[in-house]
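Trainee: One structure follows; several queries about it will come next.
Throughout, read-outs are computed from the coordinates displayed, never taken from laboratory work. Treat the numbers as computed from the prediction; the structure is a model and nothing was measured. With ideal geometry, Cβ positions are generated from the backbone for all residues, glycine too; neighbour counts draw on all protein chains shown.
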Amino acid sequence: MYADADFAGLWSTEDPDDPICVRSRTGCVITLGGVPITWTSKLQTEIAVSTMHAEYIALSMSLRELLPISRLLNEICDKLSINRDESTKICRVYEDNEGAMKLANSMLPKI
């Protein structure tokens, strides 16, 4: 999965007094075996106060798209008795903002 954000992407191109102009845009591509299976591009519902915040929101929105797809794929493989190596069950997430990745990793439960 690839997630990205455009921080306040409409700023200065439209009316600066319009609150929707300061919203960031989330982009996400989910792949299976290197082939894109779904993509999204949406305005974020929250107003981000920094690039890192916009990227973290994009990461969160993208994971909400990925998790049901991952669960569905696991269920299909179980029902069809498709044996999968553990390495094929890992979802790789690509995010280009180091601060957002550090924040996301700090939120993971410690095992």
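Trainee: Write down the percent of antiparallel bridges among all DSSP beta bridges whose residues are both part of the chain, to the nearest 5.
Mentor: Looking only at bridges with both residues in the chain, the antiparallel portion is about 85 percent.
Trainee: How big is the gap, in Å, between the Cα center of the stretch 21-41 and the Cα center of the stretch 47-91?
Mentor: Distance between centres, Cα-based: 12 Å.
Trainee: If Lys and Arg each add +1 and Asp and Glu each add -1, what is the summed charge of the other residues whose beta carbon sits under 15 Å from the beta carbon of residue 76?
Mentor: Once positives and negatives cancel, what remains is +2.
Trainee: Now, a different point. State the answer as a single residue: which of 80, 107, 43 lies farthest towards the positive end of the charge dipole of the chain, with beta carbon charges of +1 for Lys and Arg and -1 for Asp and Glu, about the Cα centre.
Mentor: 80
Trainee: Can I ask one more? Is there a quick way to get the dipole size of the chain? I mean about its Cα centre, with the Cβ of Lys and Arg at +1 and of Asp and Glu at -1; what is the value in debye to the nearest 20?
Mentor: Its charge dipole is roughly 600 debye.
Trainee: Order 88-96, 58-66 from most to least packed using the mean count of other Cβ atoms within 10 Å.
Mentor: Ranking the peptides 88-96, 58-66 by packing returns 58-66, 88-96.
Trainee: What is the chain's relative contact order, in percent, from Cα pairs under 8 angstrom and six or more apart in sequence?
Mentor: 28
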